[in-house]
Structure formats: structure tokens, C-alpha cells
Amino acid sequence: MGTVYLTGAGPGDMDLLTVKALRLVKEADVIIYDRLANPDILHEAKDGCEFVYVGKEDSHHTLPQEEINEVIYQNALKYNCVVRLKGGDPFVFGRGGEEGIYLRERGIKFEFIPGITSAIAVPEYAGIPVTHRGVTVSFRVVTGHESKNKDHSQIPWDNYKTDDTIVFLMGLHRLKKICQKLIEIGKSKDCPVAVISKGTTKDEKTVVGTLETVWDLAKDLPTPALFVVGEVVRLREQLSWFEEDKC
Ligand code: SAH
């Protein structure tokens, strides 16, 4: 029986893979990977390493989570070093906890390898700090894609009137609804919003607007994308660097 390494692959730029993750990728007998993990990472694997793709699209899963859990488990019975490579960090909307519980229940050893999460790194590549002295004292990371089985929102919207930076993941298709909701609960319609698509990759693109305008400006952006709501977005005027360098 092997060990499963539930490994964060970082947000896209291959150089944002941690040293520990790279070491495990090189040692792996099998790598079970997601759509969001940069596929170039696989070139680092040793000869004979097996690759299993269990990619998920934003809203429809190629494989249901239960089946992914089982694929990981079966590979742990077969191989010594199993790397489960996931976009960003395994615990930030990555379902890494569910995979860990499934393995624990079956007596399989595992380790978590943190990854650089897109929630912080993607805004950073766009020149937007999630906190900034004098602008905001905290930030939140929220799913924009709530479970369809729930008939009412689990997001406590009334708590969102504060000046916290809010980073929404998985929510591009609901951008308009979310902006409208934030205006409805009392945020200024002029509150700045940045939508960042394919962050940290050569195709990164950022669109900036306000709660009132951004959804129209960003409607053609491809996924993966996240959006940042808050005054920190204005700092991009002074801090943007990555997209400039690419031009
Ligand atoms: N565990 C991941 C997040 C998984 S949820 C992490 O820590 O980064 C998937 C969502 O992350 C996507 O829908 C998108 O909102 C965001 N995301 C991941 N990679 C991204 C990227 N390169 N650019 C923009 N958004 C990204």
C-alpha cells in the first residue's frame, strides 16, 4: 500500500509549484491530475509514471467526486507513491479534505502538500494586493458557485457590506447576479471589481469595472477566472506588472 500526496499545483505558472511538490512529482509512480493543474508539470515525472486525468469543468464534473476518491484509493493499493495534483491549494475549494477522509476511512496514508492558491496569487499577478495598509484589513475567499441542491443561498450576504476584499472563485457565470446582490445589500455601485482570466499564465487577461459595469465588460472572458471586489482593485493602477511585461 502506498502513500497519497494530496498536492497543490499552484495557480498556473509552472514556476509557482513548490519545491516539495516538484520533488514528489519527480518521484511519483502515478499522477492523478485536474484540469486546473498546469499539464507541463507532468513533463517532470519519471519515465514510466502513469497519468490519470480526472478533470472537472467549472459546473459539470467529468468524474463525480466519489469516483475520483475511488480512483485515488485504487491507485494507492497499486502504487507506492501516488501524487494527486490539484490546481492551487488542495483545501481552497479543492475538495482535498473529502479525498483525505475517504482515504483515512480505508486505512491509506496521506500527506497534504499546500499549493499557492489562485485566490491570492492571481490578483497578485494582476497587481492587486488582497490586503493593503490603510485600504482594507481583511479579505474573504468565497465560492460564486453554490451547490445546486440548496434552494437558498448559504452565503450570509448581509455580512458582505463591510470593506473586506472579496475574492469570488468559480463564479464567472454568476458575475452579474453577484454584483446586483452586492448593490442590493448596500455596497456602492461604484465599488471597483476586477475579473482576472487565466491568471499567472501567458494568456492572463484582466478587466476592471465597477459593480454596475463589470459584468458587461467581462462577459467574453474565458475561464478559469476569478473576480475581486473592493477598493484594493484601484491599486492595480500603480502595481500592475505582469500583463505589461507580456506586451
Ligand atoms: N484550489 C484552487 C481553487 C479551485 S476552485 C486554488 O486554490 O486556486 C476553481 C476556481 O479557481 C476557478 O473557477 C477560478 O475561479 C479559480 N482559478 C483557479 N485558477 C485560476 C487562474 N489561473 N486564473 C483565474 N482563476 C483561477
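Just so you know, all these numbers are worked out from the coordinates, no wet-lab data involved. What you see is a predicted model; the values in this text were computed from it and never measured. Because the Cβ atoms are built from the backbone with ideal geometry, glycine has one as well, and the counts that use them run over all protein chains shown.
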Which of His152, His173 has the fewest Cβ neighbours within 10 Å, and the rest in rising order: His152, His173
Spacing of the two label points (7 Å from each Cα toward its C-beta) at Trp241 and Asp47, in nm: 4.1
Fewest-first ranking of Ile31, Ile113, Ile101, Ile155, using other Cβ atoms within 10 Å as the exposure measure: Ile101, Ile155, Ile113, Ile31
Cα shape, the stretch 3-113, gyration tensor, a/c 1.5 rule: rounded
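Taking Cα pairs under 8 Å and at least six residues apart, what relative contact order does the chain come out at, in percent?
After rounding, I find 21 percent.
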Exposure proxy ranking, count of Cβ atoms within 10 Å, fewest first, for Val52, Val167: Val52, Val167
Residue-wise HN-Hα coupling along the stretch 6-18, computed from phi with Karplus coefficients 6.51, -1.76, 1.60 (Hz; x: Gly, Pro): 7, 10, x, 9, x, x, x, 4, 4, 5, 8, 6, 6
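Given a Förster distance of 35 Å, report the FRET efficiency between Glu67 and Gln180 from their Cβ-Cβ distance, rounded to the nearest 0.05. Walk me through the numbers on the way to the answer.
Numbers: r = 36 Å, r/R0 = 1.03.
Rounded to the nearest 0.05, the efficiency is 0.45.
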Note, ³J(HN,Hα) from phi for the stretch 199-212, Karplus 6.51, -1.76, 1.60, rounded to Hz, x at Gly and Pro: x, 6, 10, 5, 9, 4, 9, 10, 10, 10, x, 10, 4, 7
Prolate/oblate/rounded label for the stretch 132-243 (Cα gyration tensor, a/c 1.5): oblate
Those trypsin sites (Lys or Arg not before Pro) in the stretch 117-166 that DSSP places in a loop and that have at most 15 other beta carbons within 10 Å: Arg133, Lys148, Lys150
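So what is the 222 nm mean residue ellipticity for the chain from helices alone, if each DSSP H run of at least 4 adds -39500 (n - 2.57) and you divide by all residues, rounding to the nearest 500 deg cm²/dmol?
About -7000 deg cm²/dmol.
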In degrees, nearest ten, helix 175-184 long axis to first principal axis of the chain (Cα): 50
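Greater than 19 Å separation of Cα atoms is the criterion. Which listed pairs, Lys86/Lys198; Lys86/Lys181; Lys20/Lys46, meet it? Mind showing how you got there, number by number?
Numbers: Lys86/Lys198 16 Å; Lys86/Lys181 31 Å; Lys20/Lys46 16 Å.
Over 19 Å Cα-Cα: Lys86/Lys181.
What is the antiparallel percent of DSSP beta bridges lying wholly in the chain, to the nearest 5?
Details: 17 of 41 bridges.
The antiparallel fraction comes to roughly 40 percent.
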Using alpha-carbon coordinates, inclination of helix 96-105 to the longest axis of the chain, degrees: 30
